[in-house]
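The structure under discussion appears below in the form of structure tokens.
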Amino acid sequence: MHNIISNIPVTNPNQYPKLRYKPATLYYLRICFPNIINNNNGTSGQSGEVAGTVLYKLGYTTTSLQERVYGKSATYYYNRQHKRVRVAGHVGMGLPTGTTVHVIAAYQHSNASMVYQWEQWLHNKYTSARYCGQAVMVNGNTELYVRDILELDN
């Protein structure tokens, strides 16, 4: 992955000041969904229910990759009205049961602002290969691709 991002122009490494001093990971995943309805208008050309559909996800995270994919257990407390209030935790990508995830590449960097810019540049470059079907996860559907855009999946 380092070979790919070393050629991406970053005009201002501190463009997003709140991210400047945060570490982040640019990641590339192969996700195999057990059964999804694929009404894709992208480059795959296939539609209908496909068993074992493989999509690729490119993204960045400032948390651990494990937490980004699978989430974090929620923390709750009870307020004065004795109502349960969620204060922490999330579902990660919210993958359907039976989905498998393989990490193809992950690149860590100390400046999340740069990582975010690399991610956006790559998304813009590979727009034509984006998955355009129904939502298959709770979060991150706009970062899915119908083919191995980075050609790293051997």
Across region 52-73, which residue is nearest to the chain's Cα centre (by Cα) among those that are β-branched (Val, Ile, Thr) and more than 15 Å from Asn139 (Cβ to Cβ)? Val54
Selection count where residues are among the hydrophobic types (A, V, I, L, M, F, W, C) and either crowded, with 20+ Cβ neighbours inside 10 Å or in contact with a Pro (Cβ under 8 Å, 6 or more places away or on another chain) (or both), scope region 135-148: 4
Scanning region 100-134 for residues that are at pLDDT 90 or above and farther than 19 Å from Ile4 by Cβ, which turns out surrounded by the fewest Cβ atoms within 10 Å (Cβ to Cβ)? Thr100
Identify, please: which residue in region 10-22 is of a type outside the set (Lys, Arg) and surrounded by 14 or more Cβ atoms within 10 Å (Cβ to Cβ) and is, among those, farthest from Leu95 (Cα to Cα)? Val10
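The values are calculated or read from the model by the stated rules, or taken from the named source; none is laboratory data. Computed from a prediction, not measured in an experiment: that's the story for all the values here. Note: ideal-geometry Cβ built from the backbone for every residue, glycine included; neighbour counts use all protein chains shown.
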